[in-house]
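Here is the structure we will look at, set down as structure tokens.
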Amino acid sequence: MSTGQDRHAETAHEAPADGLLQALHGRLVARAQDEGLLDVAYRVVDSPVGRVLVAASDSGVLRVAFEVQGHDAALEDLAVRVSPRVLEGGPRLDPVLRELEEYFAGRRTGFDVPLDLRLARGFRRDVVTTLPRIGYGTTASYTQVAAAVGRPAAVRAVGTACALNPVPLLVPCHRVVRSDGSSGRYAGGDEAKRTLLALERATAGALAPPAHGA
Amino acid sequence: MNGPFEDVVRVHGGTVLRVCRAVLRGPDAEDAWSETFLAALHAWPDLPADVNVEAWLVTVARRKAIDELRRRARHAVPVEAPDATAGVLLLGSVDGPGERDLDLWRAVRALPDKQRRVVVLHHLGGLPYAEVAGLVGGTDAAARRAGADGVAALRRTYGTQEADER
């Protein structure tokens, strides 16, 4: 480092912006929350299936988006379909992020944070509300889900509903697989789906009651 | 507008801070920044899509900053001591926020105190000279002269810097 002390001091004086702007941003998010103007809060976190964006309204989690789906696109979509009052940060996401962290660490098999499912309507919503019945560590075929929703012929539509699930991970569309047993497609990428199923199999195996044969 | 407000804060946060700091000191400038973005967040969904966002924000920011300045002026007004009034109304030092126009801001900061205040309030803040005079003290004519001198000085110093770079 050839930059002397003077140079450093000058830099600090000339460009106070970044740290300060960050602090001001944090204050803005808090004020917006207090005054009921924070319609959508979001955060982006690392996970074993890549960077994940999680967004929530005041009433629950609206959206979970994988990096391959495009976080900017997800935010634009939220702005148009929910509200453009979208800001990053704030404590609203703390509970769901904690649960996701526990899930990826193999310490959690279900989610109990409230969901705001306004982005899923009609048949797609029926599918989304049915999926949590597929237990952790198990799978169901698209055909089985279609039957469970009461539309046994709508197998392809179940596939579409899974692909458009606004809250993947929290609503386990990754547990819906092809009838031949192969894992099939996934909004977060086929690889991510295999990762999640492997994680759940391993954890479910470890969690299995040791008294099984006794 | 139907784009995420987060983008607005990221893109224009620095500019708004610069406007606020041109008129107010540190913590007051930060309060004005917060008030500006809170008001903008409130208005955002109803803002027509063809509005120039930066210009709109600068307008909101200077209004918030000047409101704050006026509020302070009302609180401490020793009429017989115009210098004291000027002291209360000390404008923040104009820190260059980085990005473009850094040299212009450096040049503005280098102006004599009264010229700097008048230039900022009139040209950036959009206040007529009569109101500028009310804030910095002295007559309309003196404010007008200080403003003209300030701009002339900027033309000399900033203009030279630009010419040097070309």
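The values are calculated or read from the model by the stated rules, or taken from the named source; none is laboratory data. These numbers come from a predicted model, not from an experiment. With ideal geometry, Cβ positions are generated from the backbone for all residues, glycine too; neighbour counts draw on all protein chains shown. The area values use the complete protein model at the heavy-atom level, side chains included, leaving out ligands, DNA and RNA. Shrake-Rupley method; radii C 1.70, N 1.55, O 1.52, S 1.80 Å.
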Diffing segment A:138-153: the Karplus 3J(HN,Hα) column from phi (6.51, -1.76, 1.60, θ = phi - 60°), in whole Hz with x for Gly and Pro, holds 10, 9, 9, 8, 4, 4, 4, 5, 4, 5, 5, 7, x, 10, x, 7
In segment B:1-25, which residues become less accessible by 50 Å² or more once every protein chain is in place, relative to the chain on its own, using a 1.4 Å probe?
-> B:Asn2, B:Pro4, B:Glu6
What does the average come to when, for each residue of peptide B:28-40, you count the partner chain Cβ atoms lying within 10 Å of its Cβ?
-> 3
Residues with amide H under 5 Å of A:Arg51's amide H, sequence separation 5 or more or different chain, H placed in the peptide plane at 1.01 Å from N; which?
-> A:Glu67
Efficiency by 1/(1 + (r/R0)^6): what FRET value for A:Glu102 and B:Ala49, r their Cβ-Cβ distance, R0 = 35 Å, to the nearest 0.05?
-> 0.25
According to the Cα gyration tensor, what semi-axes, each the square root of 5 times an eigenvalue, does the equivalent ellipsoid of segment A:103-143 have, listed from largest to smallest in whole Å?
-> 21, 16, 7
Is there a simple number for the mean count of other chain Cβ atoms within 10 Å of the Cβ of residues in A:99-112, and what is it?
-> 0
Projected onto their principal axes, the Cα atoms of chain A stretch, largest extent first, over whole-Å spans of 71, 42, 29
